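Structure first, then comments.
The values are calculated or read from the model by the stated rules, or taken from the named source; none is laboratory data. The structure displayed is predicted, hence computed values, not measured ones. For neighbour counting, all protein chains shown are included, and Cβ atoms are generated from backbone atoms with ideal geometry for every residue, glycine included.
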Amino acid sequence: MHKWPTSALLALVLLLPNCSLRTLAVNQIGNAIAGGGSTFSSDDDPELVGDALPFSLKLIEGLLAESPRQTALLVAASRGFTQYAYGWVEPANDPSATDRRLRAKRLYLRARDYGLRSLTVSIDRFPARLAADPHAAVALARKRDVPALYWTAASWGLAISLSKDDPDLLADLPAVDAMIARAAELDPEFENGAIDTFLITYEASRSGMSRDAGSRAREHFRRAVERSHGNSAAPYVAAAEALAIPAQDRAEFDSLLENALAVDLNAEPLWRLQNILSRRRAEWLRTHADDYFFGGE
């Protein structure tokens, strides 16, 4: 049986004269696309995926123009723009790459907005509620909202990390705190430790504001490794950057990167792409280690 390309199916769907039929068809295609992320996540060619992602993201946006409250697509857009910005746009610690950082920030904010739209489908007037009282707003979320909470918080937090001179964005930190805390409360095992991996860096970045932030970051690292059964390189790389470098612990830094590079890419096929990207980051950090540690080992 001949399988039509998704883009061709979308073109045919948009020609349907009945609005209800068109919306139903768009939702069905959208659900298929939103649930089809394994094709990318198990790939072993980051360049191929990076080249394909912009088309996929624009296709999702085209579907959302027809069905703007399709939650699975909204979450897929939030996740996709976050991953594309982090994995392929934001430069690796290159202070001269201003244009790429600005583009990454714009993409993170785009991802945040799709996440907020998804949460608004579940929680009426969610952005306004979040601005007025973040903890009261997220208290209305349920377990089904965890993916939207996570990707909205992650994209927003990453945008803030690129905006240290933007007081308006820095003022949004309480919203990020509330969303990631609620996601952790509702589903601590989400995506095998993804929340803990995010919180390694997030808590460590607050060490100047909280005496216990460093110990909390280390506990999140322990849990991230435990929940991923040691098969994810991301927690090791996050800990090397967020914990070992600030502590100027070269031995711990080297050990964490060795663990990241030792992760078996075939142990969890659906994590293959993420692990390849994390291992590339580990290699880059190891090559540039002398730039981060004063006085050598």
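For the structure I just gave you, tell me whether Ala132 is in contact with a helix residue (DSSP H, G or I) (Cβ under 7 Å, 6 or more places away or on another chain), farther than 24 Å from Thr98 by Cα and of a type in the set (A, V, I, L, M, F, W, C).
Details: in contact with a helix residue (DSSP H, G or I) (Cβ under 7 Å, 6 or more places away or on another chain): no; farther than 24 Å from Thr98 by Cα: yes; of a type in the set (A, V, I, L, M, F, W, C): yes.
Taking the combined requirement at face value, the residue does not satisfy it.
Quick test for you: out of Pro68, Pro91, pick the one residue that is under 27 Å from Arg279 (Cβ atoms), part of a loop (DSSP other than H, G, I, E, B) and not basic (Lys, Arg).
Working: Pro68 fails: under 27 Å from Arg279 (Cβ atoms).
Testing whether each residue is under 27 Å from Arg279 (Cβ atoms), part of a loop (DSSP other than H, G, I, E, B) and not basic (Lys, Arg) leaves just Pro91.
In region 135-154, which residue that is farther than 9 Å from Met179 by Cα and not hydrophobic (A, V, I, L, M, F, W, C) is surrounded by the most Cβ atoms within 10 Å (Cβ to Cβ)?
Among those that are farther than 9 Å from Met179 by Cα and not hydrophobic (A, V, I, L, M, F, W, C), it is Asp145.
For the condition under 16 Å from Ser41 (Cα atoms), of a type in the set (D, E, K, R) and either within 23 Å of the chain's Cα centre (by Cα) or surrounded by fewer than 19 Cβ atoms within 10 Å (Cβ to Cβ) (or both), what is the one hit in Arg223, Arg272, Arg227? So that I can check it myself, show each step before the final result.
On the way: Arg223 fails: under 16 Å from Ser41 (Cα atoms); Arg227 fails: under 16 Å from Ser41 (Cα atoms).
Testing whether each residue is under 16 Å from Ser41 (Cα atoms), of a type in the set (D, E, K, R) and either within 23 Å of the chain's Cα centre (by Cα) or surrounded by fewer than 19 Cβ atoms within 10 Å (Cβ to Cβ) (or both) leaves just Arg272.
Identify the residue in region 175-200 that is over 22 Å from Ala139 (Cα atoms) and either among the small types (Gly, Ala, Ser) or surrounded by 23 or more Cβ atoms within 10 Å (Cβ to Cβ) (or both) and, among all such residues, is farthest from the chain's Cα centre (by Cα).
Here is the first cut: in region 175-200, the residues over 22 Å from Ala139 (Cα atoms) are 192, 197, 200.
Filter once more, keeping what is either among the small types (Gly, Ala, Ser) or surrounded by 23 or more Cβ atoms within 10 Å (Cβ to Cβ) (or both): 197, 200.
Values: Thr197: 10, Ile200: 14 Å.
Applying the filter and picking the extreme gives Ile200.
Within region 57-75, work out how many residues are touching a Gly at 6+ places or on another chain (Cβ under 9 Å) and within 15 Å of Arg110 (Cα to Cα).
Here the count works out to 6.
Pick from region 41-65 the residues that are assigned to a loop (DSSP other than H, G, I, E, B) and out of contact with any Leu (no Cβ under 6 Å at 6 or more places or on another chain): which of them is surrounded by the most Cβ atoms within 10 Å (Cβ to Cβ)?
Residues of region 41-65 assigned to a loop (DSSP other than H, G, I, E, B): 42-45.
Right, trim to out of contact with any Leu (no Cβ under 6 Å at 6 or more places or on another chain) and you get 44-45.
Numbers: Asp44: 13, Asp45: 11.
Restricting to residues being assigned to a loop (DSSP other than H, G, I, E, B) and out of contact with any Leu (no Cβ under 6 Å at 6 or more places or on another chain), the top hit is Asp44.
Residue under question is Ala72, and the condition is that it be closer than 14 Å to Asn31 by Cα, touching an Asp or Glu at 6+ places or on another chain (Cβ under 9 Å) and not basic (Lys, Arg); does it hold? Before the answer, list the steps.
Working: closer than 14 Å to Asn31 by Cα: yes; touching an Asp or Glu at 6+ places or on another chain (Cβ under 9 Å): no; not basic (Lys, Arg): yes.
No.
Just the residues that are among the hydrophobic types (A, V, I, L, M, F, W, C) and either in contact (Cβ under 8 Å) with a residue 24 or more places away in the chain or within 11 Å of Pro134 (Cα to Cα) (or both), please, taken from region 172-187. Let's see the steps before the verdict.
From region 172-187, those among the hydrophobic types (A, V, I, L, M, F, W, C) are 173, 175-176, 178-181, 183-184, 186; that's our starting set.
Listed by number, the residues that qualify are Leu173, Ala175, Val176, Ala178, Met179, Ile180, Ala181, Ala183, Leu186.
Among the residues of region 39-59, write down those that are among the aliphatic types (A, V, I, L, M) and at pLDDT below 90.
Step one: filter region 39-59 for residues among the aliphatic types (A, V, I, L, M), giving 48-49, 52-53, 57, 59.
Result: Leu59, single match.
Every residue, every condition in (1) under 20 Å from Trp284 (Cβ atoms); (2) not acidic (Asp, Glu), yes or no:
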position: Arg218; (1), (2): no, yes
position: Val225; (1), (2): no, yes
position: Ala240; (1), (2): yes, yes
position: Ile245; (1), (2): yes, yes
position: Asp249; (1), (2): yes, no
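Report those helices (runs of 4 or more DSSP H) wholly inside region 191-297 carrying at least 2 residues which are touching a residue at least 40 places away in the same chain (Cβ under 8 Å). Full working, then the answer.
Working: elements: 194-204, 213-227, 234-239, 250-261, 272-287.
In region 191-297, 194-204, 234-239, 250-261, 272-287 are the helices (runs of 4 or more DSSP H) which contain 2 or more residues that are touching a residue at least 40 places away in the same chain (Cβ under 8 Å).
Might you let me know whether region 159-174 holds any residue that is closer than 24 Å to Ala104 by Cα, crowded, with 22+ Cβ neighbours inside 10 Å and charged (D, E, K, R)?
Looking through region 159-174, none of the residues is closer than 24 Å to Ala104 by Cα, crowded, with 22+ Cβ neighbours inside 10 Å and charged (D, E, K, R).
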